[in-house]
Amino acid sequence: MTVFIASLFLPKTVQFDVPVTNHRSAWSEKKYPFSTKPAKPSPLEQPPSLFQPTNITPPETPTDEKKRDNPFANEDGLRVHIPLSESSTDSIDGPADRSSPTWGGRPDQPMSRANSPPPPSIVDKGRLLQQAIGRQSFLKTRAARSGSHDRVFESANWRIVNADQGNGGLRNAALAAAREGFTGDYIWVGTLGMPIDALQGTQQLQDIEDKLATEHDMLAVLPSDKDFNGHYLHYCKQILWPVFHYQLPDNPKSKAYEDHSWKYYVNVNQAFADKIVKNWKRGDTIWVHDYHLLLLPAMIRKKLPDAKIGFFLHVAFPSSEIFRCLATRKDLLEGMLGANLIGFQIHEYTRHFLQTCSRLLNAEATPDGLQLEDRFVDVFNLPIGIDPVSLDQHRQEPKVQEWLEVLRKKFQGKKVIVARDKLDHVRGIKQKLQAFEIFLTQHPEWRTKMVLFQVALSSGEKSELDKTVSDIVTRVNSSHANLAHQPLVYLKQDIDYAQYLALMSIADGLMITSQREGMNLTSHEFVFCQDGKICEKKHGVLLLSEFTGTSSLFGGNELSINPWDYRACADAIMKAVTMNEEEKEARWTKLSEAVKRHTGAHWFTELMTRLDRVYEEQQRRDQTSVPRLSLHHLVQQYSRSQRRLFILDFEGTLVSWGPVNQIIPVSPQRTLDVLNDLLIDERNTIYVMSGRRPEELDRLFRRVPNLGLIAENGCFLKDCGSSTWTEMADPEQIRTWKEQVRGILTYYLERTPGAEIEDRRCSLIFHYKSAEDYESAMRQANDCASHINDACEEQRVHAIPLDGCVLVEPIDWTKSTAAQKIFDDLRTKMGPDEQHESPVDFLMVVGDGRDDEKVFRWANTLGKEGVVKEVVTVTLGTRNTEATATLTQGVSGVLLALQKLASMA
């Protein structure tokens with residue numbers, strides 16, 4: 001078995017041996033094609049340092065000129081150790097360099113030939129004209145240079161090196177799983193993370209592809225520079241990234257990018273699909289990762305209907321109110337639903353996704369996933385983690401020890417709180433620094449006793465946020481610093497890996513104020529580095545935003561903070577620096593247990609195991625895999641049994657009509673006759689289950705006196721031969737949730753002319769089949785179902801969108817709970833010597849609807865566990881099912897099969 005791991009960037013890229021100076025001038029001209037801004041070559045010889053004089057603020061805020069301009073980022077915030085000789089500095093998740101119209105800023109890689117992005121404003125005619133004139137000049141210059149530029153790379157020596165972009169957490173998890181015994185072979189599928197137009201059609205590019213495939217098990221996807229630029233820098237970073245982090249695409253710039261770049265997003269996803277389909281063999285597994293490739297699962301499914309496909313989203317998934325603002329919302333959701341299994345970091349994101357699909361696609365959301373018309377898609381959450389083994393190895397390096405000594409001397413006698421974030425609005429750096437300023441103002445005694453060490457990775461854009469943060473830094477240090485001490489150290493550049501590990505080890509706290517973030521694995525690394533293995537134990541305090549995915553894993557043992565509540569954040573800083581050692585150790589111990597439990601290796605292997613399991617289950621439930629009911633085999637099972645239980649659905653199974661809001665005009669005489677014939681044999685017990693009211697079922701089946709009945713989908717039960725009904729549901733609980741739900745239904749009723757509400761004893765039904773505008777009514781009904789499921793989760797009630805109606809019923813009382821009650825009651829009626837046996841040795845369940853699936857599952861479990869010898873579950877529906885057999889003849893087929901059994905009496 002081979003596992004294809006599809007991620008936008010490969011863990012490897014290509015480095016060419018070319019003259020840096022000549023290529024740099026061309027690259028600089030490429031970066032500023034429409035202005036006279038001079039190029040500023042960046043020296044690459046030395047890594048950034050914590051304590052170079054130019055890094056001290058105030059009065060100078062350090063710039064990021066020593067950092068090579070690279071818009072790519074590790075999408076999960078995890079540091080990946082890359083030797084300086086192989087790549088530039090490490091980076092973390094965040095928007096790409098928006099000041100650069102293209103990508104490919106490394107001097108040892110080709111220039112991009114992609115066009116510039118659309119203008120920020122689609123109505124800025126003056127700028128459009130200016131850019132058009134400037135572009136014509138740039139194109140002439142680029143055309144003159146392209147020939148010599150291409151020849152340089154065609155003949156240059158090259159080597160495969162570790163990439164400094166991409167998903168570091170995914171990469172580490174795969175390596176850790178392989179180290180810990182994961183036996184499957186995996187092949188990476190992704191792009192090289194560099195422009196390739198200059199190499200198209202050359203032997204160089206073919207040799208690179210071959211070497212990646214044969215020596216590194218990597219398949220390179222090679223989209224054109226134009227496609228990749230539009231996909232990544234435009235659609236992913238300007239549209240999807242903000243929306244997935246709760247920023248509405250409501251400005252002209254976003255709309256221009258969305259209109260301009262959707263086709264490129266589709267093209268790149270299609271290029272991935274073509275590469276995977278070409279190399280896939282039966283039995284292989286395909287794992288697609290992150291928001292760059294949302295369309296890929298459905299594209300693969302279209303070509304490979306039987307493929308085993310998983311999808312995992314590493315960033316947050318927003319609420320439906322945010323996601324629905326995307327013009328391409330349905331395309332993106334349907335693309336994800338091509339997978340067999342969809343994974344998210346935490347339960348919140350899973351719930352948002354299920355609600356969004358229910359609202360926008362009218363799909364039935366269950367706790368386990370989504371029931372589509374033709375198949376079921378499992379949805380779950382499993383947080384990714386770090387690789388403690390690899391991290392521990394890096395901590396043993398001599399450079400880390402050297403920096404530990406430097407930092408001990410530098411911060412002796414002071415409390416140190418560290419932070420490392422991308423300089424964008426999502427990371428909340430401004431909120432953090434303002435909270436720190438309030439802390440120093442409120443507690444002046446701490447001005448000389450502590451340091452906030454903020455590492456800020458520039459996004460490359462000289463934005464208003466950049467200026468605002470620099471102003472705060474200057475103001476704080478101007479007000480609270482002295483000649484011997486600087487309370488706020490602000491580095492607008494990254495630090496090398498040894499410095500990072502040393503800083504995490506000696507820190508007294510880590511402060512994360514993200515306004516929204518998928519996980520934040522920096523917090524995991526901080527907790528791990530505080531174990532005292534390479535220096536004295538600190539048991540540092542973790543100040544963590546409640547809006548990160550990681551906050552849901554730590555059980556309140558972190559100091560949870562709201563980034564927008566500046567004073568509460570300041571109070572949290574005070575609590576962190578004054579916390580006693582006993583409390584710090586107790587908190588750290590719990591945090592450490594969580595970090596060690598949720599490792600990258602565990603995440604990877606659990607994903608693979610779960611995908612295998614759900615794929616097998618889905619294949620078994622596929623209608624094309626479920627056999628037709630064999631009457632011959634059914635008769636044999638029936639003949640060798642002595643105690644038989646039949647549980648039969650009514651609407652659509654025993655009668656051909658069945659909308660629950662319509663009155664049956666005549667008695668279904670044939671059905672009644674078949675039931676009476678079966679009940680002649682005293683060894684047979686029959687229950688009919690329905691969504692109708694008890695009084696309706698009494699009227700329908702008054703001529704079958706020994707029949708048992710289940711009304712309102714399990715809320716009422718009438719035993720065989722009894723004249724009274726047992727109310728299974730709690731009346732007080734029903735009354736409570738009905739009051740709340742009725743108000744929501746009334747709200748949507750007023751906005752849906754022609755709709756009506758049916759009030760049953762234990763359920764409410766919103767009917768819109770007769771609405772004046774059916775399409776509008778369907779949208780209102782979907783919104784209504786999502787609203788109820790959001791607002792009434794604690795009341796243990798759920799809304800199910802059905803054909804022409806929305807059914808609202810309790811979660812705790814269903815057809816399956818009623819079936820279990822029947823089974824238990826039959827056991828209690830047995831003699832004392834027989835109660836260790838099963839009350840029945842033949843169980844047959846027949847149904848046609850979604851609500852019957854739970855009864856099928858219950859019955860099949862009894863058969864698998866050996867509780868009942870003969871179990872037969874039959875469906876008349878066309879969707880995937882838990883039933884072990886199908887009947888294609890509909891109601892007539894059911895009655896014929898039952899009549900066949902009755903004739904054997």
Would you list Asp494, Asp466 from fewest to most Cβ contacts within 10 Å? Asp466, Asp494
Of Lys308/Lys422; Lys12/Lys410; Lys211/Lys330; Lys575/Lys596, which pairs sit farther than 30 Å apart, going by alpha carbon to alpha carbon? Lys308/Lys422; Lys12/Lys410; Lys211/Lys330
Relative exposure of Ile710, Ile534, Ile309, judged by other C-beta atoms within 10 Å (fewest first): Ile534, Ile309, Ile710
Considering only the stretch 349-499, percent of DSSP beta bridges that pair antiparallel, nearest 5: 35 percent
Under unit Cβ charges (Lys, Arg +1; Asp, Glu -1), what dipole magnitude, rounded to 20 debye, does the stretch 389-598 have relative to its Cα centre? 300 debye
Glu585: net charge of surrounding residues, Cβ under 11 Å, Lys/Arg +1, Asp/Glu -1, itself excluded? +2
The stretch 261-324 - charge dipole about Cα centre, Lys and Arg +1 at Cβ, Asp and Glu -1, debye rounded to 20: 320 debye
In the stretch 389-598, what % of DSSP beta bridges are antiparallel (nearest 5)? 5 percent
Any chance you could check the Cα centroid distance between the stretch 153-210 and the stretch 543-607 for me, in angstrom? 35 Å
Stretch gain in nm, segment Arg159-Asp331, where the contour uses 0.36 nm per residue and the Cα spacing is subtracted: 58.0 nm
Amide H within-cut-off set for Gly509, under 5 Å, with H built and near neighbours excluded: Val416, Val418, Val541
How far apart, in nm, are the 7 Å Cα→Cβ label points at Ser776 and Asn562? 3.8 nm
Principal axis lengths of the stretch 466-546 from Cα atoms, whole Å, largest first? 37, 34, 23
Compute the signed sum of charges (Lys and Arg +1, Asp and Glu -1) over the other residues within less than 14 Å, Cβ to Cβ, of Glu364. -4
Taking the Cα centre of the stretch 731-810 as origin, sum charge times position over the Cβ atoms of Lys and Arg (+1) and Asp and Glu (-1), and report the length of that vector in debye to the nearest 20. 220 debye
For the stretch 549-560, what does the Karplus curve 6.51 cos²θ - 1.76 cosθ + 1.60, with θ = phi - 60°, yield as ³J(HN,Hα) per residue in whole Hz, taken in order and with x for Gly and Pro? x, 4, 4, 7, 9, 9, x, x, 7, 8, 8, 6
FRET efficiency for Ser639 and Arg857, using Cβ-Cβ distance with R0 set to 22 Å, rounded to 0.05: 0.25
Determine the equivalent ellipsoid of the stretch 747-905 by diagonalising the alpha-carbon gyration tensor, then write out the semi-axes as square roots of 5 times the eigenvalues, largest first, rounded to whole Å. 37, 21, 13
The set of residues whose placed amide H lies less than 5 Å from the amide H of Val872, leaving out same-chain residues fewer than 5 positions away, is Leu843, Met844, Val845
Evaluate E = 1/(1 + (r/R0)^6) for Asp471 and Asp259, where r is the Cβ-Cβ distance and R0 equals 56 Å; express this FRET efficiency to the nearest 0.05. 0.95
Using the Karplus curve 6.51 cos²θ - 1.76 cosθ + 1.60 with θ = phi - 60°, what ³J(HN,Hα) values do you get for each residue of the stretch 338-355, in whole Hz, with x for Gly and Pro? x, 7, 7, 9, 10, x, 10, 6, 9, 4, 4, 5, 4, 5, 4, 5, 4, 5
Quick one: if you stick a label point 7 Å off each Cα along the C-beta vector at Arg620 and Glu583, how many nm between them? 5.1 nm
May I ask which residue of Gln733, Phe766, Thr752 lies farthest towards the positive end of the charge dipole of the stretch 731-810, with charges of +1 (Lys, Arg) and -1 (Asp, Glu) on Cβ and the Cα centre as origin? Gln733
Relative to the compact-globule scaling 2.2 N^0.38 Å, provide the ratio for the alpha-carbon radius of gyration of the stretch 731-810. 1.00
Among Ala435, Gln486, Val377 the positive-end extreme of the charge dipole of the stretch 352-491 (Cβ point charges): Gln486
Exposure proxy check: Trp446, Trp858 ranked by fewest other beta carbons within 10 Å? Trp446, Trp858
With 5 Å bins from zero, work out the P(r) of the stretch 389-598 over every alpha carbon pair and list the percent per bin. 1, 7, 16, 20, 22, 18, 11, 4, 1, 0
Mean projected area in nm² (Cα convex hull; one quarter of hull surface) for the stretch 386-458: 6.7 nm²
Distance between the C-alpha centers of the stretch 366-396 and the stretch 462-533? Whole Å please. 29 Å
Stokes-Einstein D for the stretch 233-369 at 37 °C, 0.692 mPa s, Kirkwood Rh over Cα pairs, in µm²/s? 214 µm²/s
Computed lengthening from Tyr246 to Lys900, 0.36 nm per intervening residue step minus Cα-Cα distance: 229.4 nm
Of all trypsin sites (Lys or Arg not before Pro) in the stretch 616-650, the ones in DSSP coil with at most 12 other Cβ atoms within 10 Å are Arg640
Could you list, bin by bin from short to long, the percent of Cα-Cα pairs of the stretch 542-655 in 5 Å steps? 2, 8, 10, 10, 11, 8, 6, 6, 6, 7, 7, 6, 6, 4, 3, 1
In nanometres, what is the gap between the two model label sites at Thr726 and Gln200, each 7 Å from Cα along Cα-to-Cβ? 7.3 nm
Pull out the extension gain between Ser479 and Lys575, defined as 0.36 nm times the separation in residues minus the alpha carbon to alpha carbon distance; nm, one decimal. 32.3 nm
Rounded to the nearest 0.05, what FRET efficiency do Asp759 and Val277 have when you use their Cβ-Cβ distance and R0 = 56 Å? 0.60
With unit charges on the beta carbon (Lys/Arg positive, Asp/Glu negative), name the residue among Gly540, Val476, Leu510 whose Cα is farthest towards the positive pole of the charge dipole of the stretch 467-555. Val476
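No lab work stands behind these numbers, since they all come straight from the coordinates. Small disclaimer: the values here were computed from a predicted structure and weren't measured. Backbone-built Cβ (ideal geometry, glycine too); neighbour counts: all protein chains shown.
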